1. Going through Thr218, Thr195, Thr241 one at a time, which residue ends up being modelled with pLDDT of 95 or more, β-branched (Val, Ile, Thr) and more than 18 Å from the chain's Cα centre (by Cα)?
2. Tell me which residues, restricted to region 192-241, are under 23 Å from Lys7 (Cα atoms) and polar (S, T, N, Q).
3. Going through region 120-155 one residue at a time, which ones are hydroxyl-bearing (Ser, Thr, Tyr) and loosely packed, with under 12 Cβ neighbours inside 10 Å?
4. Output yes when any residue across region 3-21 is assigned to a loop (DSSP other than H, G, I, E, B) and modelled with pLDDT under 95, and no when none is.
5. Quick one: Phe134 ticks every box in (1) closer than 13 Å to Asp104 by Cβ; (2) touching a residue at least 60 places away in the same chain (Cβ under 8 Å) bar one, so which box is it?
6. Say we look at region 221-236 and pick out the residues that are of a type in the set (Lys, Arg) and modelled with pLDDT of 95 or more; which of these is surrounded by the most Cβ atoms within 10 Å (Cβ to Cβ)?
7. Need the failing condition index for Ala89 against (1) exposed (fewer than 13 other Cβ atoms within 10 Å of the Cβ); (2) at pLDDT 95 or above; (3) small (Gly, Ala, Ser), just the number.
Amino acid sequence: MTVSSCKCKICGSISNLKFGLPSSKKSGHPIPEAPDDAFFFECTSCGFLFTTALDSDDHTEIYDEEYWTLQDPDLYGRVGETLRLVMLANELVGKKTEDLEILDFGCGGGAFIEVCHRNLQMNVWGTDIIQPKFGKDWFLPSLDGRSFDVIVACEVIEHLPDPLGSLEHMKRHLKPGGVIAFQTAYWDSNCLDRTWWYLGPGNGHISHYAAATFDFLTRHLGVSRRRIYRDYPGLQAWQFT
């Protein structure tokens, strides 16, 4: 039986059932003709939209060869977009790029790591739940004992089943004055519904953030300074003292 409400994963407030989708639905694809078995809830306080359908899944089977070649074929990773996140973050950090210690959180195929070391002389490491195809020499299966000036997460936070816990984990691995920078699409219930192209439990898009969600997170996590890329509000950088 489908429940009508649950607790928000971000702020703990009541979240009401918004709609259902087939769990096979992938972002950028039409809704398949299949039963709704991934139910999305929207928080009455912070506006966070999420499903609990995949909470017990480690998601590794989603990120197969089909995912990289068909769903996200951009050189096994969004190199240009991730580099833009580094530049946005460094507006707050203010170091020479070659002096930054950078972590690509959710590095995917690892292309950004490889390009940075081979072509840009940047100090970048990557971590993910899967082994990357590129940049393996700089892949960190664990972050124990490591800290960074900048942590970037390009098209990653919509994949997180425990977004608050993951953001707190990132914060713990920042150097003083460090920055988390991310890119994701905004959820807005005033103009979007179950047909929104970005929804896709079938390729791991399970957590979607409204403007109010980010406002809550910056307060809760203790963000000291914040940059928002105005042409794309879902591209932000948060600095911590």
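The values are calculated or read from the model by the stated rules, or taken from the named source; none is laboratory data. This is a predicted model, so every value here is computed, not measured. Using ideal geometry, Cβ is built from the backbone for each residue, glycine included, and neighbour counts are taken over all protein chains shown.
1. Thr195
2. Ser207, Thr213, Thr218
3. Ser142, the sole residue that qualifies.
4. yes
5. That leaves (2) as the condition not met.
6. Only one residue tops the list, namely Arg227.
7. Ala89 satisfies every listed condition except (1).
A quick yes/no check of all residues on (1) in a helix (DSSP H, G or I); (2) among the hydroxyl-bearing types (Ser, Thr, Tyr):
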residue	(1), (2)
Leu164	yes, no
Met170	yes, no
Thr195	no, yes
Thr213	yes, yes
Phe216	yes, no
Arg227	no, no
Arg230	no, no
Ala237	no, no
